[in-house]
1. Quick one: plug the Kirkwood hydrodynamic radius of region A:59-163 (C-alpha pairs) into Stokes-Einstein at 37 °C, 0.692 mPa s, and report D in µm²/s.
2. R0 = 25 Å: FRET efficiency of B:Ser109 with B:Ala74, Cβ-based, nearest 0.05?
3. Can you pull the Kirkwood radius for chain A, inverse mean 1/r over Cα pairs, to one decimal in Å?
4. Using the number of other C-beta atoms within 10 angstrom as an exposure proxy, rank B:Asp233, A:Asp217 with the fewest first.
5. How big is the gap, in Å, between the Cα center of region A:166-199 and the Cα center of region B:152-184?
6. What Kirkwood Rh does region A:177-228 have if only Cα atoms enter the pairwise 1/r average? Answer in Å.
7. How compact and how long is the protein assembly as shown, expressed as Rg and Dmax of its alpha-carbon atoms in Å?
8. Sort A:Ile188, A:Ile219 so that the residue with the fewest other Cβ atoms within 10 Å of its own Cβ comes first and the one with the most comes last.
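What follows draws every value from the coordinates through simple rules; no lab data is involved. Bear in mind that the values here come from a model prediction, so they are computed numbers and not experimental data. Note that we place each Cβ from the backbone using ideal geometry, even for glycine, and neighbour counts take in every protein chain shown.
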Amino acid sequence: MSAVTGTAPRRTGPLEFVRDTLLLTGRSLRAIPRVPERLLDVTIQPIMFILLFLYVFGSAIHVSGISYKDYLFPGIIGQSLAFGVIGAGAATSADMAEGVIDRFRSMPISRLSVISGQVIGQFCEQVLGLAIIAVVGLALGWSPHVTPIHAIELVVLTVLALIAFTWCGVLFGMLVRSPDAVQGMGFIVIMPLTFMAGTFVPIAGMDAIPRAIAEWDPISALVATVRSLTTPGFHTGGSWQLDHPEIAMALWCMVLMAVCVPLALRRFNRTLAQ
Amino acid sequence: MTKSAVETASLTKRFGSFVAVSSLDFEVEVGTVVALLGPNGAGKTTIVRMLATLLRPDAGTARVAGYDVVRDAARVRELISLTGQFAALDKNLTARENLILMARLRDRSSPAARRIADELIERLDVGPFRDRLVKNLSGGERRRVDLAAGLIDRPHLLVLDEPTTGLDPRSRQVVWSTIRELVAEGVTLLLTTQYLEEADALADRLVLIDHGRAVAAGTPAQLKTQVGQQRVDVVAADSAAYERLLGVLRGGFEITPLREQRTISVPAPDEAGDLARVAAAVSASGIGVDEIALRRPTLDDAFLALTGHIAGEPAPEAEEVAA
């Protein structure tokens with residue numbers, strides 16, 4: 001037989017891209033129940049923070065114009081979104097170290113579909129984590145007041161932030177070739193940023209240097225957005241971005257994607273061409 | 001149509017200042033089995049990764065079925081199937097799920113993908129562990145699943161990078177018999193190995209690779225004759241016997257003493273006739289021996305003669321480059 005005729009030239013059209021992406025997303029989704037420690041990162045960790053701040057530190061924190069529960073939960077949601085960078089980064093870096101990526105790359109499939117499958121899989125994992133946090137929050141007495149318009153706004157902005165942070169994590173995971181290093185470096189950078197973002201205590205009461213960072217921390221915009229959309233009338237303020245958190249947050253997400261998406265794609269092809 | 005499944009010209013790859021592959025020329029004809037034989041760190045993996053479009057050559061060219069691995073990379077990916085040293089499987093999927101996914105990514109419908117997966121499971125004897133997650137499989141089991149994944153589309157060129165390194169004897173047998181079946185069906189195969197025995201058993205042609213260079217090429221028989229003729233080896237029972245045997249044989253034969261192995265080696269151009277003469281001399285002396293045997297040079301001898309070190313043992317400053 002002639003082997004060459006056995007393999008018809010393959011296709012790189014948009015339909016094939018969608019098909020490959022769906023197949024590879026399915027692969028990422030199946031990993032969620034099979035690697036439970038990853039889901040623990042996006043559920044147990046935020047629940048620990050909720051319990052600590054609600055029942056240990058919370059009694060010492062007073063924020064005027066809002067109950068501490070209503071203050072805390074938007075903060076936890078913002079923090080979880082930000083920690084998604086570490087989760088996506090660690091998963092990507094672990095995946096890139098696996099031989100299976102080499103097999104995908106040596107197959108006649110769309111290269112982009114390998115990354116997009118990864119991004120969508122991470123996205124779903126984060127959504128699952130956020131849903132669990134929201135349910136825990138409601139069970140513990142968080143009482144968001146959301147108008148239909150605000151609900152749509154909240155969903156759109158959350159999805160945007162999830163996508164942006166996931167891409168950011170994917171890039172991070174490609175640059176740092178070990179999941180442990182991603183975890184370590186992630187915590188050094190992202191942990192302080194989430195604490196300074198008005199997550200647990202108001203920015204206005206911080207010392208000058210952390211306050212200056214907080215006023216321009218993208219996570220602050222995120223937290224302030226969720227807070228203002230779930231507690232009507234509550235306004236953070238203090239800098240341009242905190243006066244207009246929704247716009248600032250949308251801008252941050254677009255900037256992050258504009259930087260991270262092309263760099264991640266380039267990096268993915270570069271690892272091939274080294 | 002070109003008759004070469006693989007053709008390289010001055011193929012070169014550097015990692016920093018380390019030259020992993022140096023001006024390599026070799027060819028694999030369609031329908032043949034070629035083994036790249038060399039120790040760890042010789043550059044074998046780097047060569048096959050360039051052929052599979054996973055690494056870009058720094059200089060020279062490589063063609064698969066006439067297509068350049070850099071300019072026509074997409075076409076090359078359709079023609080080649082690489083099964084690497086490190087299992088290229090998703091460890092969070094079961095063996096069967098992996099095969100189904102790979103088949104679907106190769107454009108099979110869901111039922112067709114399941115059918116192919118089950119055929120391959122049968123063929124590579126994956127049945128007993130088909131529904132276990134790959135992360136819980138042994139190295140040998142993974143390798144069999146990995147090889148199965150490489151056979152989903154019948155590739156124009158099948159590349160197996162050290163298919164049996166580190167395998168238990170049972171998995172090794174399964175892999176060998178699958179390779180033999182494929183060869184019988186006419187698949188073109190490029191195989192890398194550090195085992196002379198494996199290259200000898202499976203390949204039509206060998207290319208000996210050392211420090212990223214091809215140091216010799218030919219059929220196993222050619223390489224063996226290149227090293228020399230048959231010999232009679234006499235292994236003495238103990239060191240005292242060895243010394244006495246040296247005295248006895250030195251007179252009548254042109255000997256090569258190998259003191260560490262208590263072995264005396266005698267050229268045997270006359271084969272059985274020489275064996276009989278040596279045996280008669282030993283027998284007349286009454287000295288105890290463990291073994292008297294006629295030996296054909298092995299590929300170990302060939303490798304030692306051509307590279308100055310033993311295959312399977314790392315060359316000096318050798319270092320595995322798996323980037």
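1. Answer from the Stokes-Einstein relation: 202 µm²/s.
2. The formula returns an efficiency of 0.60 here.
3. By the Kirkwood definition, the hydrodynamic radius is 19.8 Å.
4. So the residues, fewest neighbours to most, are B:Asp233, A:Asp217.
5. 42 Å
6. Numbers: mean 1/r = 0.0856 Å⁻¹.
This gives a value of 11.7 Å.
7. 32.2, 113
8. Starting with the residue having the fewest Cβ neighbours, the order is A:Ile188, A:Ile219.
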